[in-house]
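Contents: one structure, followed by commentary.
The values are calculated or read from the model by the stated rules, or taken from the named source; none is laboratory data. Please read all numbers here as calculations on a predicted model, not as lab measurements. Note: ideal-geometry Cβ built from the backbone for every residue, glycine included; neighbour counts use all protein chains shown. Only protein heavy atoms, including side chains, enter the accessible area calculation; ligands, DNA and RNA are left aside. Shrake-Rupley method; radii C 1.70, N 1.55, O 1.52, S 1.80 Å.
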Amino acid sequence: MNNRQKDNLFKYWAILCTCIGILMLVIFLTNILITGLSRVDWAFITSLPSRKAELAGIKTALLGTVWILILTAIIAIPIGVAAGIYLEEYGKKSRFANILEINITNLAGVPSIIYGILGLEVFVRTFGLGRSILAGALTLGLLILPIIIVATREAIKAVPKTIREASFALGASKWQTISKQVLPAANGGILTGVILALSRAVGETAPLIIVGAATYVSFTPNSINDEYSVLPMQIFNWISRPEKEFAVNAAAAIIVLLVITFFMNGIAIYLRNKWQKKVKW
Amino acid sequence: MAEKSEVVNFMDYKLTADKVNVWYGNFHALKDISMRIRPNTVTALIGPSGCGKSTFLRLLNRMNDYIEGFRMEGHILIDEKNIYAKRVRVEELRKEVGMVFQKPNPFPKSIYDNVVYGLTIRNVRDKKTLDEACENSLKQAALWDEVKDDLKKSALALSGGQQQRLCIARTLAVKPTIILMDEPASALDPISTAKIEELINELKKYYTIIIVTHNMQQAGRISDRTAFFYLGLLIEYDTTANIFTNPKEEKTQSYITGRFG
Ligand SMILES: Nc1ncnc2c1ncn2[C@@H]1O[C@H](COP(=O)(O)OP(=O)(O)OP(=O)(O)O)[C@@H](O)[C@H]1O
Ligand SMILES: [Mg+2]
């Protein structure tokens, strides 16, 4: 076999692998769509959960997801972005920053269920937050913090050194340079990372099972201290029911969840492309 | 009497470097550099790559301060003040001493925002003041006529030569008295280069200019005095005419005739 043939062989092998991946996705999606699409309607989205499959809806779970998402964003974005700025701009040489950095890299690789255990110990029990939205959001915030920190650092790193130099040479202080030049130039990248991180949080189930998101909540949340459910929990609950009708509900809820994550990822990709165009200096 | 003449003499110089030594870690990058520069002159720094021209230039607005391992000894006086004294704030110093870089480096913002950046960071908020500063600086940098219709346009949409003149305008807007230029035309085409040179000739009426260049003809055309650096040493510093027609040092002679470099 000559090199050219090897090349071709490898190419077809790669194409085959890609196709298998795509094929699986297509099978999964069609399956879900066939089962659930006819079930997705306005009533399904706005109905409370019910013991009768055909009356049950995702209102509480969807609102729970929205509450969790917003609160997680409020908690994780400022801390994550600030930590990213600190590590990239200020903490370069300090020992403290080194230790921090190693920890963050490690944290990014920790299975999400571990965050759940941490959340249970710290937020639910020690802080006494119970099975509240706040406890869930704090746990998910912790989970996505490393992603936001890393994205912030990457985005800051991508800002050319010449921009900094120009700002300093005009007499700007370090903070002025960061806030008026570096961050505006990096915000597309930071935002992309933030959205991807949040879209991961939307799909997380394991840590929320542990910190006590309910599978069945019959009222919509009114404050961050309320009990809550989220879409993945609702899906999990329905799938584990023996009745076939609930499987249809689960498929329908999966469609809603997929739409949300695809939408968020779409925004992230759009922002990234726009940012990459802008960033050609 | 002697005392008086000394004072007058001192006042004649805008900038004085006195036995300046610089190290990057263990590397001795500048060795015992002493040099005086008069106001409203153009001084060219020439020499082969790596001889310390940029290092010297960046000493004058303390841009080397950010480099890890940088260390310096000696004194640099601007208007009789030691710019490395403890109480000096670099932000204030850089208002006095502007800098233009080799590659045009406009901010990814509008033309207007680029020009007034140096003012806004000093809390100038008055729209009229900013507008005037913008117009004046762009006019001084010979860019006004080309951009006046669309100051909101992104600076990145300008040509390389226009970007470099924008960077000059941006520097002028904070009203420095000294302008440092590190090979400001080396990334530009001949026409843009000619424009920059013309501009330097014009600016010299109001500013003291120190420029690094690899282009001997350029040094000859625009500078009053030329300093030749070699391996961290200031080999010769004299009027440009003398350096190019009648250098005292053999090294200078061989460098300007292109025998090494
Ligand atoms: N940040 C740095 N760290 C260590 N060494 C450096 C640093 N910057 C410059 N040097 C060294 O100091 C010497 C002088 O560098 P400098 O940039 O001043 O040279 P230059 O004359 O401007 O050269 P060129 O014409 O190539 O721009 C060089 O040998 C260079 O390797
Ligand atoms: Mg240089």
Inset, instruction - Would you mind stating whether B:ARG71 is within 11 Å of another protein chain (Cβ to nearest Cβ), not hydrophobic (A, V, I, L, M, F, W, C) and not in a loop (DSSP other than H, G, I, E, B)? - result: no
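Looking at region A:44-69 only, could you name the residues that are free of Cβ contacts under 8 Å to residues at least 40 places away in the same chain and under 15 Å from the mean Cα position of the chain (by Cα)?
First pass over region A:44-69, keeping only residues free of Cβ contacts under 8 Å to residues at least 40 places away in the same chain: A:46-47, A:50-52, A:55, A:57, A:66.
Answer for region A:44-69, where residues must be free of Cβ contacts under 8 Å to residues at least 40 places away in the same chain and under 15 Å from the mean Cα position of the chain (by Cα): just A:VAL66.
Only one of B:ALA169, B:ALA241 is aliphatic (A, V, I, L, M), touching a Leu at 6+ places or on another chain (Cβ under 6 Å) and away from ligand 2 (no atom under 16 Å from the Cβ); which?
Values: B:ALA241 fails: touching a Leu at 6+ places or on another chain (Cβ under 6 Å).
The match here is B:ALA169.
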Inset, instruction - Can you run down the residue pairs with Cβ atoms below 7 Å, 6 or more apart or on separate chains, where the first is in region A:197-216 and within 14 Å of A:ILE114 (Cβ to Cβ) and the partner is open to solvent by 10 Å² or more (accessible area, probe 1.4 Å) and aliphatic (A, V, I, L, M)? - result: A:ALA206/A:ILE113; A:PRO207/A:ILE113; A:ILE210/A:ILE113; A:ILE210/A:ILE117; A:ILE210/A:LEU120; A:VAL211/A:LEU120; A:VAL211/A:VAL124
Inset, instruction - Return only the number of the condition from (1) assigned to a loop (DSSP other than H, G, I, E, B); (2) not β-branched (Val, Ile, Thr); (3) not assigned by TED's automatic domain parsing to the domain that holds A:LYS157 that A:ASN31 does not satisfy. - result: (1)
Legend entry - Unique match (being over 20 Å from the mean Cα position of the chain (by Cα) and among the hydroxyl-bearing types (Ser, Thr, Tyr)) among A:THR139, A:THR105, A:THR162: A:THR162
Legend entry - Test: residue in region B:97-109 that is within 12 Å of another protein chain (Cβ to nearest Cβ), at pLDDT below 95 and open to solvent by 60 Å² or more (accessible area, probe 1.4 Å): yes
Legend entry - Whichever residue in region B:149-194 is away from chain A (no Cβ under 12 Å) and without any contact (Cβ under 8 Å) to a residue 12 or more places away in the chain and, among such residues, is farthest from B:ILE222 (Cα to Cα): B:ASP149
Inset, instruction - Take region A:150-191 and flag every residue that is surrounded by fewer than 18 Cβ atoms within 10 Å (Cβ to Cβ), within 9 Å of chain B (Cβ to nearest Cβ) and among the hydroxyl-bearing types (Ser, Thr, Tyr). - result: A:THR162, A:SER173
Legend entry - Every residue from region B:212-233 that is closer than 22 Å to B:LYS14 by Cβ and within 12 Å of ligand 1 (Cβ to nearest atom): B:VAL212, B:THR213, B:ALA227, B:PHE228, B:PHE229
Inset, instruction - Within region B:219-239, track down each residue that is over 21 Å from B:GLY98 (Cα atoms) and open to solvent by 10 Å² or more (accessible area, probe 1.4 Å). - result: B:GLY220, B:ARG221, B:TYR230, B:LEU231, B:LEU233, B:LEU234, B:ILE235, B:GLU236, B:TYR237, B:ASP238, B:THR239
Legend entry - Contacts under 8 angstrom Cβ, first residue in region A:83-102 being among the acidic types (Asp, Glu), partner part of a helix (DSSP H, G or I) and surrounded by fewer than 16 Cβ atoms within 10 Å (Cβ to Cβ), 6 or more apart: A:GLU88/A:LYS157; A:GLU89/A:LYS174
